Structure formats: C-alpha cells, structure tokens
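Okay, structure first, notes after.
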Amino acid sequence: MTESKTSSLPDWAAAGAIADLEKSLTIMEGSLPVIELSQSSFSHGTYRIKKSARYVLTENIRFNPNPSVYNNVTNKLEGPDWMPTAAQIASGEYPVAPKGPYHMGFFAAFTIETDNVVIDLNGFTLEQHMEHYLQQRFFSIIELAPTPFIHGQGPSNFGPFAHHKNIKIYNGTLGLSSHEAIHGNGTERLVLQD
C-alpha cells in the first residue's frame, strides 16, 4: 500500500474521501437556485458571488470591463481605463484603498464571497479579453475569496480576508489569464472537474 505524497492518508482512503466530497457537493448543487450569466453580467466589473447558488454561463465570456476607447480626434484613450468608475466605488460595489481590494483594478472575473457555490461553465470558455490582459497583469479568472491576499500580505492593504468552503467549478474551459486561472487561500472542500 502506497501513501499519497500530498496527504498523510493512504491512497485508498484519499480516494474514498474525494468520492464522498464529490457526492456531497453534487447533492448540494441540486438544492441550489440557478443564476444564468452572460457576457453582459461581466461588462462593468468582477461578478461578486455573495449568494449561495449554481451560477451557469450561457455563452463564452471574455472579461473586459470598463474599457477606455481610442478617440481619433484627440488621439488619446478616453474612459475609465479598465478600472472601477467613481459611481461604482461610491456605491460600495468595488471598494478601493485604504481597505478595499479594487484599488489595483479588477483582479478577477469572479470572486466567491460565500460558502456553497457551484460555477457551471456549461461547456463554454471563461477568459480574460486581450485588452484587459494587457492592462491588468494582476488577475485570476476565479478568485476563491473576496480579496486576492490574506490580511497583512501583498503589495498593499486589500481589506478583510475570508475563505470559503463547498465550492464546485466544472464543465468548461478557463482560458487566457495574465496571472492565474483559479486562486485561493484556505479554501475547504473544493472540486474542480471537466
């Protein structure tokens, strides 16, 4: 009998634990409300998951929120420069410094800010648009927390950190990202599949 290099459990016990986890998350998934998401769900920034549900993509998503546009008359880019707008910041949806994670821009297409979440890619691709890729070099397609860093870590104060559990992400493709596809700290009971 061999033992896993990443666990102190024997292989057979780890396989059983994984099967139990997949079964419990499948049961959980069946009881969650369904929320369908399209490209427009991401047009103005990170989709912040604050409610336990099954989130289902209805089309391919290329994340490119609040882009600036080239003005041929002034020969300049004009617009919010792929950052949260003043109205978005004032609303509290995208908090910035001194204790908010969005002061360096949109760092994820999704943030998971609660337990019991399923992201069903539904056979589609979720990725960073090339324009956003060139502007935002600090990015994860899916962040498993409301902030990218635990408290006291990172290049500045990103605010309070919380980790979550019972998360399933499956059934599609995670494409272009300037940094990571999925990132998290302290996540418990996570299944990535297909």
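The values are calculated or read from the model by the stated rules, or taken from the named source; none is laboratory data. Everything quoted here is computed from the prediction, not taken from an experiment. Quick reminder, even Gly has a Cβ in these numbers, built from the backbone with ideal geometry, and neighbours come from all protein chains shown. The protein model used for the area step is the full one, side chains on, heavy atoms only, and it has no ligands, DNA or RNA in it. Shrake-Rupley method; radii C 1.70, N 1.55, O 1.52, S 1.80 Å.
Quick rundown of the values:
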| item | result |
| --- | --- |
| Any hit, segment 123-143, residues being surrounded by fewer than 22 Cβ atoms within 10 Å (Cβ to Cβ) and assigned to a strand (DSSP E or B) | yes |
| Number of positions in segment 154-175 that are touching a helix residue (DSSP H, G or I) at 6+ places or on another chain (Cβ under 7 Å) and either under 30 Å from Ile18 (Cα atoms) or open to solvent by 50 Å² or more (accessible area, probe 1.4 Å) (or both) | 2 |
| Near pairs, Cβ below 7 angstrom, 6+ apart or cross-chain, from segment 138-155 (within 9 Å of Thr111 (Cα to Cα)) to any residue that is assigned to a loop (DSSP other than H, G, I, E, B) and of a type in the set (Asp, Glu) | Pro146/Glu113 |
| Per-region count, segment 140-166, residues touching a His at 6+ places or on another chain (Cβ under 6 Å) and at pLDDT below 85 | 1 |
| Condition check for Glu93: open to solvent by less than 60 Å² (accessible area, probe 1.4 Å), of a type in the set (Asp, Glu) and closer than 30 Å to Glu29 by Cα | no |
| Subset tally (residues that are outside any loop (DSSP other than H, G, I, E, B) and under 30 Å from His103 (Cβ atoms)) for segment 13-56 | 10 |
| Matching residues in segment 18-55 - criterion: being among the β-branched types (Val, Ile, Thr) and crowded, with 19+ Cβ neighbours inside 10 Å | Thr46, Ile49 |
| Criterion: more than 22 Å from Gln193 (Cβ to Cβ), of a type in the set (Val, Ile, Thr) and at pLDDT 95 or above - qualifying residue of Thr74, Thr2, Thr111, Thr46 | Thr46 |
| Close pairs (6 angstrom Cβ cut-off, 6 or more residues apart or separate chains): over 12 Å from Ile112 (Cβ atoms) and of a type outside the set (Asp, Glu) in segment 173-191, part of a strand (DSSP E or B) and open to solvent by 60 Å² or more (accessible area, probe 1.4 Å) anywhere | Arg189/Lys165 |
| Number of the exception - Trp82 against (1) over 30 Å from Lys165 (Cβ atoms); (2) free of Cβ contacts under 8 Å to residues at least 24 places away in the same chain; (3) surrounded by 11 or more Cβ atoms within 10 Å (Cβ to Cβ) | (2) |
| Condition met for Tyr94 (assigned to a helix (DSSP H, G or I), of a type in the set (Phe, Trp, Tyr) and either at pLDDT 95 or above or under 15 Å from the mean Cα position of the chain (by Cα) (or both)) | no |
